[in-house]
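A short write-up of the structure that comes next.
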Amino acid sequence: MASAYSKDLLLTMYRKMYLLRRFEERAGQQYTLGKIAGFCHLYIGQEAVAVGCNEAIRPDDYMLSAYRDHGQPLARGSDAGMVMAELFGRGSGYSKGKGGSMHIFDIEHHFYGGYGIVGGQIPLAAGMAFASRYRNEDRVTVCFFGDAAANQGSFHETFNMAQKWKLPVIYICENNRYGMGTAIARTSAVPEIHKRASAYGMRGEAVDGMDVLKMYEAVKDAAEYCRAGKGPVLMEANTYRFRGHSMADPANYRTKQEVEDERKNDPIPKLREFAMKQGFNLSDADFEAIEEEEKRAVDAAVKFADESPEPSVDELWRDTIVEEGEQDVRPRERVLGVKVTNWPKYPSGQELKVTWDLEPRAEAEQADKKAGLSR
């Protein structure tokens with residue numbers, strides 16, 4: 001029987017997941033060497049969520065994340081050396097070293113952060129989805145957040161608005177079971193995050209976030225749903241981080257046995273085993289060659305970051321406001337000297353208008369009658 005997935009797709013997913021894993025392993029190493037300062041949250045174990053999602057959407061769809069944000073831009077195609085340089089706080093980083101680990105931002109690849117405030121990106125994603133609908137685009141916005149952010153007030157306020165206006169946004173809760181060091185079930189009356197969508201008449205579902213193909217299928221279907229104008233989706237990706245909440249976290253709130261048991265469900269070898277059974281004549285050597293290529297790419301990224309200069313003192317007051325008529329700075333042109341030809345362009349909005357009723361009176365009157373509130 002022919003595989004439901006192409007050889008190229010399976011190998012691309014494997015390559016990207018291995019890149020994310022190796023990048024984060026080296027980032028952790030560089031942190032312990034003092035090359036990276038401040039907070040540093042690793043994505044090790046959760047790679048299937050970002051990669052499965054990215055392969056299921058279009059390159060021009062919007063994406064935002066929380067502060068565990070190294071993996072998503074790499075999956076989108078961001079330059080690994082420039083991401084590592086941003087972690088190092090160097091001038092050749094995407095934000096000239098001013099953002100650091102928690103604030104990766106790559107407009108070229110439609111990755112809009114990296115947010116340090118818990119749940120801070122959730123309403124922003126609704127705003128981007130609103131912009132898509134306002135401009136009559138068929139873009140989808142994907143917003144990643146952690147399980148603990150589901151208890152923030154902005155979560156509920158935004159979901160009400162997103163569902164009311166049928167905004168094309170997929171909210172992916174990466175439920176790695178711990179909000180910092182506290183199990184989500186200890187702090188939430190409804191620990192199954194996806195069930196909270198029902199309070200707003202919104203589509204909600206749980207997905208195995210340790211399986212890249214299940215993530216791919218779920219996000220692909222959700223994106224079609226959003227593009228069809230049916231409204232937002234809340235997706236709970238049940239996953240697990242193999243390392244602590246951050247590099248400063250000894251993770252003594254869970255046992256070594258628990259972590260070892262979860263490592264048996266590692267998404268990377270799982271995909272490799274699946275791909276080798278699909279009739280593509282793939283061998284261990286094929287995957288080992290990919291791994292060696294990505295190891296060299298990450299080694300080069302670390303070398304690039306380490307040799308990059310610190311930002312000058314003059315940069316302290318730059319990039320604080322945008323002057324009228326000021327052109328965008330294109331990071332890869334600035335750092336690598338490459339010509340970026342696919343820089344995003346957006347209409348001004350002056351010629352556009354809302355084409356749907358933001359506060360539909362007829363619906364409100366029908367709802368009142370159904371609830372027995374009207375006289």
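The values are calculated or read from the model by the stated rules, or taken from the named source; none is laboratory data. Given the structure is predicted, the values throughout are model-derived calculations rather than measurements. Neighbour counts run over all protein chains shown; Cβ positions are idealised from the backbone, glycine included. SASA here: full protein model, heavy atoms, side chains in, ligands and nucleic acids out. Shrake-Rupley method; radii C 1.70, N 1.55, O 1.52, S 1.80 Å.
Being acidic (Asp, Glu), under 30 Å from Gly89 (Cβ atoms) and at pLDDT 95 or above narrows it down to one of Glu291, Glu315, so name that one. Step through it out loud before you land on a result.
Numbers: Glu315 fails: at pLDDT 95 or above.
Within the list Glu291, Glu315, the selection yields Glu291.
Among the residues of region 190-205, is there at least one that is touching a residue at least 24 places away in the same chain (Cβ under 8 Å), more than 26 Å from Arg318 (Cα to Cα), of a type in the set (Asp, Glu) and touching a His at 6+ places or on another chain (Cβ under 7 Å)?
So far as region 190-205 goes, yes, one or more of its residues are touching a residue at least 24 places away in the same chain (Cβ under 8 Å), more than 26 Å from Arg318 (Cα to Cα), of a type in the set (Asp, Glu) and touching a His at 6+ places or on another chain (Cβ under 7 Å).
Please indicate, with yes or no, whether at least one residue in region 142-149 is open to solvent by 10 Å² or more (accessible area, probe 1.4 Å) and in a helix (DSSP H, G or I).
The initial filter retains those residues of region 142-149 that are open to solvent by 10 Å² or more (accessible area, probe 1.4 Å), namely 146, 148.
Pick out the ones that are also in a helix (DSSP H, G or I) and you get 148.
Scanning region 142-149 turns up at least one residue that is open to solvent by 10 Å² or more (accessible area, probe 1.4 Å) and in a helix (DSSP H, G or I).
Tell me, which residue of region 223-252 that is at positive phi and open to solvent by less than 40 Å² (accessible area, probe 1.4 Å) is modelled with the lowest pLDDT?
Ala251
Restricting attention to region 280-319, which residues are part of a loop (DSSP other than H, G, I, E, B) and under 25 Å from the mean Cα position of the chain (by Cα)? Walk me through how you get there before you give the answer.
In the first step, residues of region 280-319 are kept if they are part of a loop (DSSP other than H, G, I, E, B); the result is 280-283, 308-312, 318-319.
Asp319, the sole residue that qualifies.
State which residue is farthest from Cys226 (Cα to Cα) when the search covers only region 120-141 and only residues that are open to solvent by 10 Å² or more (accessible area, probe 1.4 Å) and assigned to a loop (DSSP other than H, G, I, E, B). Even if it seems obvious, please write down each step before you answer.
Of all residues in region 120-141, those open to solvent by 10 Å² or more (accessible area, probe 1.4 Å) come to 120, 123-124, 127-128, 130-131, 133-139.
Filter once more, keeping what is assigned to a loop (DSSP other than H, G, I, E, B): 120, 135-139.
On the way: Gly120: 22, Arg135: 15, Asn136: 13, Glu137: 12, Asp138: 9, Arg139: 9 Å.
Among residues in region 120-141 that are open to solvent by 10 Å² or more (accessible area, probe 1.4 Å) and assigned to a loop (DSSP other than H, G, I, E, B), the one farthest from Cys226 (Cα to Cα) is Gly120.
Looking at (1) in a loop (DSSP other than H, G, I, E, B); (2) at pLDDT 95 or above; (3) crowded, with 24+ Cβ neighbours inside 10 Å; (4) not hydrophobic (A, V, I, L, M, F, W, C), which is the one condition that is false for Tyr171?
Checking Tyr171 against (1) in a loop (DSSP other than H, G, I, E, B); (2) at pLDDT 95 or above; (3) crowded, with 24+ Cβ neighbours inside 10 Å; (4) not hydrophobic (A, V, I, L, M, F, W, C), the one that fails is (1).
Please specify each residue of region 253-276 satisfying the condition of being surrounded by fewer than 16 Cβ atoms within 10 Å (Cβ to Cβ) and part of a loop (DSSP other than H, G, I, E, B).
Tyr253, Arg254, Thr255, Lys264, Asn265
Is it fair to say Gly119 is in contact with a Gly (Cβ under 7 Å, 6 or more places away or on another chain), closer than 21 Å to Gln46 by Cα and either modelled with pLDDT under 95 or not acidic (Asp, Glu) (or both)?
For Gly119, the condition - in contact with a Gly (Cβ under 7 Å, 6 or more places away or on another chain), closer than 21 Å to Gln46 by Cα and either modelled with pLDDT under 95 or not acidic (Asp, Glu) (or both) - is not met.
Return the residue satisfying two criteria in turn: it lies in region 297-354 and is in contact (Cβ under 8 Å) with a residue 24 or more places away in the chain and hydroxyl-bearing (Ser, Thr, Tyr), and of such residues it is farthest from Asp60 (Cα to Cα).
Among those that are in contact (Cβ under 8 Å) with a residue 24 or more places away in the chain and hydroxyl-bearing (Ser, Thr, Tyr), it is Ser312.
Is it the case that some residue within region 301-319 is more than 28 Å from Gly81 (Cα to Cα) and open to solvent by 80 Å² or more (accessible area, probe 1.4 Å)? Break it down stepwise before answering.
Of region 301-319, the ones more than 28 Å from Gly81 (Cα to Cα) are none.
No, region 301-319 contains no residue that is more than 28 Å from Gly81 (Cα to Cα) and open to solvent by 80 Å² or more (accessible area, probe 1.4 Å).
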